1. Using the Cβ atoms and a cut-off under 15 Å, what net charge is assigned to the surroundings of Y326, where Lys and Arg are +1 and Asp and Glu are -1?
2. Take the alpha carbon atoms of region 167-245, find their center, do the same for region 289-365, and report the distance between the two centers in whole angstrom.
3. Whole angstrom only: what separates the Cα centroid of region 61-130 from the Cα centroid of region 144-166?
4. Mind ranking 42-51, 116-125 by how tightly packed they are, going by the mean number of other C-beta atoms within 10 angstrom, highest first?
5. Quick one: what Rg and Dmax do you get for region 200-243 from the alpha carbons, in Å?
6. Just how much of Y14 is accessible, in Å², when a 1.4 Å probe is used and the result is rounded to the nearest 10?
7. With just the Cα atoms of region 342-492, tell me how far they stretch along each of the three principal axes, in Å, largest first.
8. For every helix of n ≥ 4 consecutive DSSP H residues, a contribution of -39,500 (n - 2.57) applies; sum these over the chain, divide by its total residues, and give [θ] at 222 nm rounded to the nearest 500 deg cm²/dmol.
Amino acid sequence: MADSPYYLTTPIYYVNDRPHIGHAYTTLACDVLARFQRLDGHDVHFVTGTDEHGQKVEKSAQAAGVDPQAFTDEVSQNFRRLAGEMNYSNDDFIRTTEDRHIRASLAIWKAIKDNGHIYLGSYAGWYAVRDEAFYAESELEENEDGQKVAPTGAEVEWVEEPSYFFNLSEWQQPLLDFYAANPDFIGPETRRNEVVSFVEGGLKDLSISRTSFKWGVPVPDDPDHIMYVWLDALTNYLTAVGYPDEKNPDYSKYWPADLHMVGKDIVRFHAVYWPAFLMAAGLPLPKRVYAHGWLLNRGEKMSKSLGNVVLPEDLVSQYGLDPVRYYLLREVPFGNDGYISHETMVSRINGDLANDLGNLAQRSLSMIAKNCDGAVPEPGTLADDDEKLLAAARDVLDQVRSEFTRQAFHRGMEAIWLVVGDANRYVDAQAPWTLRKTDPVRMETVLYTLAETIRHLAILVQPLMPQSAGAMLDQLAVPGDARSFAHLGSGHALTAGQTLPKPSPVFPRYVDEG
Ligand code: MSP
């Protein structure tokens, strides 16, 4: 639907660490979707940011010997910088230490409390600072040293303190009813099943305040308590559209969110706690939460202690930004865990990009430059093969849309590359270089068909590789305001005779040094 609003969010990142490729991956997927939806005519609001409160950040600040505000001011900048380095097109960058967010957190607490869903008690149990999560004794495991750890492997500590509770146990049935009525609320299917069986297993009331440290939003009317960092953090999705000012035009336009993109490790917070908080506050629920898998470095989890953390800036400087953007979403089926490695990166760059798409464009455009006076050739009557290729290029959007909107990015890309393959087979079969002598009129038709196919492909790959696709469209002299999906199809086809700039390769091969 043209101009319909589309609000999507990334998780907000803990500022205890430098951004690594796992963080870059979540936001990249959102960026590709945000760009796709804009090109498809939606009014997109795309938000990312940083999660700056809680014990984990407080501890990191202490370890760095700075006060938490100065610490978060500095580390938050690393995430802002990443957005520039990765060419993310986010419309807002939210920090949970901002006044607008404190206001929203206080307001949601009050709404939940006024509706009778918060009570004072005391908590005695396990807490994992790394996950900022409470765990029941029965969930704990033992590590190799015989220590009790969270199921995620995080260290746990025993906590006993006064605490406010949210009556999560009362929301079991409403949540199950909601999942049943909204089968697309959680994706992919495997995560949905996990969440449903977790909720079916019964929910305990949730401790939502802490008293043993200070770095957070104080509980309204009881400042000895600090709001549980996840209640504060999840609320950022409302803050970014103007809550608690429900008259804010962004709020009425964009809430409820269309998609919260998250990693599989934080699905419970988004698909159980968050909808329960919202129902308790009397607010509408987001339409979808999608949990993607983890990127593993050659099969191993990335961690500082293993020393195998991959930094986005290192990948970008080695392979180039757009190839990295393409690789990350093409190599690993979105939703699954997957390996990244130098070998698979090089094979994608040299195969899919340099040989397939790059070479298609380069050989077609240089034949046009040489044989058609550097202008869009004049098509004669189209043959069946020409019509077939053009139809494939024009029709693929529907499939890409249906894959991208259910976050199957790799499948959408596969569909586009089927057309790339068709086009390369078409060049070989038509052999325009021989037509040059035997049938120059037919040669022009073939080269026109290729140019028009490349125009479609370049428009379609813009969300993935904005700069490279832009360069391809520049080489076809497609005006900046004629590059959206509304310009796919014959109505906006290239005009014969239009002068084209001199072509140059857009996707260089990667050559290993040494
Ligand atoms: N602050 C919370 C989110 C609050 S949202 C209201 C948080 N932050 S995080 O910085 O630890 O993680 C943010 C995201 O990065 C998560 O979605 C997580 O899954 C993702 N990743 C971190 N490492 C990852 C990989 N190695 N691979 C893929 N994504 C991973 O959780």
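The values are calculated or read from the model by the stated rules, or taken from the named source; none is laboratory data. Note that this is a predicted model, so its numbers are computed, not measured. FYI the Cβ positions are ideal-geometry reconstructions off the backbone, even for glycines, and counts take in every protein chain you see. Remember, those area values only see protein heavy atoms, side chains included, never the ligands or the DNA or RNA. Shrake-Rupley method; radii C 1.70, N 1.55, O 1.52, S 1.80 Å.
1. 0
2. Here the answer is 33 Å between Cα centres.
3. One Cα centre to the other: 21 Å.
4. With the highest mean Cβ count within 10 Å placed first, the list reads 42-51, 116-125.
5. 12.7, 36
6. Number for this one is 50 Å².
7. If we take the Cα atoms of region 342-492, the spans are 47, 37, 28 Å.
8. After summing the helix terms and dividing by residue count, I get -14000 deg cm²/dmol.
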